[in-house]
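The values are calculated or read from the model by the stated rules, or taken from the named source; none is laboratory data. Keep in mind the model is a prediction, meaning the values are calculated, not measured. Cβ coordinates were reconstructed from backbone atoms using ideal geometry, including for glycine residues, and neighbour counts include every protein chain displayed.
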Amino acid sequence: MFRRDAIAAWGGAELEKAAMKCSELATQIERLQPDALPRDVARLSLLLNNAHASTDAFTQDGLLLDAWRQAGLCLQFASDQHAAMSQELDDLANLEAEGFSPEALETLLRAIRVQSQLIQLYLGQGGQPS
C-alpha cells in the first residue's frame with residue numbers, strides 16, 4: 001500500500017483520488033462477494049478498472065453487478081485456460097528430446113498466446129481470452 005507522502009510526490013490529489021475510487025470499488029466488490037479472498041477482490045478491481053474507462057457508473061448496483069459478473073467470468077476462463085496449458089507444458093517437459101514433434105511446437109505456441117492474453121488482461125490492453 002502506498003504511503004500518503006509517496007502518493008503526493010507522484011501526482012498529488014489525482015493519484016490519491018484514484019486510490020480512493022479503487023478502494024471504494026473494492027468495498028463494493030466485497031459487498032457483492034463477501035467470501036472473496038483479498039487477492040480476488042484486488043484482481044477483480046484491477047480488471048474492472050482496466051475494462052472500463054470510468055468506474056463512476058458503478059455507483060448503480062445493476063451496472064456494477066453486470067461488470068463484476070463479466071470480469072469474474074473472464075478471469076475464471078483465463079485461469080482455466082492457463083491451468084490447462086500448464087498441464088500440457090508439464091506433459092511436454094516429460095518428453096524425450098527425440099519425441100519433440102510439430103504438435104509439441106504447437107503446444108509451445110499456444111502457451112505463449114495464453115500467457116500473452118493473461119498479461120494483456122491484467123494490463124488492460126484489450127486481451128480477451130479466446
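Give the residue, chosen from PHE77, PHE100, that is over 30 Å from LEU32 (Cβ atoms) and surrounded by 12 or more Cβ atoms within 10 Å (Cβ to Cβ).
Answer to the selection: PHE100.
Considering only the range 33-77, state which residues are part of a helix (DSSP H, G or I) and charged (D, E, K, R).
ARG39, ASP40, ARG43, ASP56, ASP61, ASP66, ARG69
Look through the range 92-130, keep the residues that are assigned to a helix (DSSP H, G or I) and of a type in the set (Asp, Glu), and return whichever of them is modelled with the lowest pLDDT.
Ranking the candidates gives GLU98 first.
Pick out the one residue from ALA53, ALA26, ALA42, ALA18 that is loosely packed, with under 11 Cβ neighbours inside 10 Å, within 19 Å of the chain's Cα centre (by Cα), within 19 Å of GLY124 (Cβ to Cβ) and at pLDDT 50 or above.
After applying the criteria, what remains is ALA53.
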